[in-house]
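Chemist: First the structure, which I've put down as structure tokens, then a few questions once you've had a look.
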Amino acid sequence: PLCGYAAADELIGASLLTQQHPFYVELAEGMKAEAAKEGLPLEIAIANQDLNKQLADVEDFITKGASVIIIAPVDSQGVKGAVLRAESAGIKVITVDIPATGAKVTSHIGTDNYAGGVKAGELMAKVLDDKGEVAVIDYPTVQSVVDRVNGYVARERERGIEPSRIVL
């Protein structure tokens, strides 16, 4: 529960990557439900995959004196400065789904995306009966996607296949 990080009268700010993906819709709904259950004030800002909007949202939470800021970074490296500013203001920062590269956070909640990429490679090989070509769509500014692609590529190389097309 969030109550381990914030008192009942302290603002929790959350900056989410998007609301165009079911995962982030569910994440926002879950945070709202948990905050309501714990009696915690929660403000959610949606970055719409725009780093500048996310940075402005985090600055707004800092100005408002949030005690905790939850971030699903638009850009794993680009969010570093905002994380450092929040932490220097004494605000706890929690990253969700996507880590912030180069910044220490209070907590990170995520999955093993590398292992997910390996598993995707295994499933793809099975579905295609080890035949055919696969195009991998990449999003190189988001560390979770980079990790997933790296896991997939490693799995393909283990099978002796050199992935030739990664779409950016």
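Chemist: If you go through the stretch 77-98 one residue at a time, do you hit one that is in contact with a Pro (Cβ under 8 Å, 6 or more places away or on another chain) and either hydrophobic (A, V, I, L, M, F, W, C) or at pLDDT below 90 (or both)?
Modeler: yes
Chemist: Return yes when residue 56 is open to solvent by 50 Å² or more (accessible area, probe 1.4 Å), touching a strand residue (DSSP E or B) at 6+ places or on another chain (Cβ under 9 Å), not polar (S, T, N, Q) and not in a strand (DSSP E or B) and no when it is not.
Modeler: Yes, satisfied.
Chemist: Something else about it: Determine if the stretch 100-116 includes at least one residue that is out of contact with any Phe, Trp or Tyr (no Cβ under 9 Å at 6 or more places or on another chain), of a type in the set (Lys, Arg) and modelled with pLDDT of 90 or more.
Modeler: yes
Chemist: Going through the stretch 121-150 one residue at a time, which ones are more than 25 Å from residue 99 (Cβ to Cβ), open to solvent by less than 50 Å² (accessible area, probe 1.4 Å) and either modelled with pLDDT of 80 or more or in contact with a Phe, Trp or Tyr (Cβ under 6 Å, 6 or more places away or on another chain) (or both)?
Modeler: If the condition is that a residue be more than 25 Å from residue 99 (Cβ to Cβ), open to solvent by less than 50 Å² (accessible area, probe 1.4 Å) and either modelled with pLDDT of 80 or more or in contact with a Phe, Trp or Tyr (Cβ under 6 Å, 6 or more places away or on another chain) (or both), then 125 is the only one that fits.
Chemist: Could you tell me which numbered condition residue 78 fails, if it satisfies all but one of (1) open to solvent by less than 50 Å² (accessible area, probe 1.4 Å); (2) under 20 Å from residue 47 (Cβ atoms); (3) outside any loop (DSSP other than H, G, I, E, B)?
Modeler: Tallying (1) open to solvent by less than 50 Å² (accessible area, probe 1.4 Å); (2) under 20 Å from residue 47 (Cβ atoms); (3) outside any loop (DSSP other than H, G, I, E, B), residue 78 fails exactly one: (3).
Chemist: To continue, here is another question. Every residue in the stretch 96-120 that is open to solvent by less than 50 Å² (accessible area, probe 1.4 Å) and more than 15 Å from residue 146 (Cβ to Cβ), please.
Modeler: 96, 103, 105, 107
Chemist: Moving on to the next point. Check 26, 10 and return the single one that is open to solvent by 10 Å² or more (accessible area, probe 1.4 Å) and over 16 Å from the mean Cα position of the chain (by Cα).
Modeler: 10 is the lone residue from the list that is open to solvent by 10 Å² or more (accessible area, probe 1.4 Å) and over 16 Å from the mean Cα position of the chain (by Cα).
The values are calculated or read from the model by the stated rules, or taken from the named source; none is laboratory data. A quick note: this is a predicted structure, and the numbers were derived from the prediction, not measured. Reconstructed Cβ throughout: ideal geometry from the backbone, glycine too, with neighbour counts over all protein chains shown. Just so you know, the surface numbers come from the protein's heavy atoms only, side chains and all, with ligands and any DNA or RNA stripped out. Shrake-Rupley method; radii C 1.70, N 1.55, O 1.52, S 1.80 Å.
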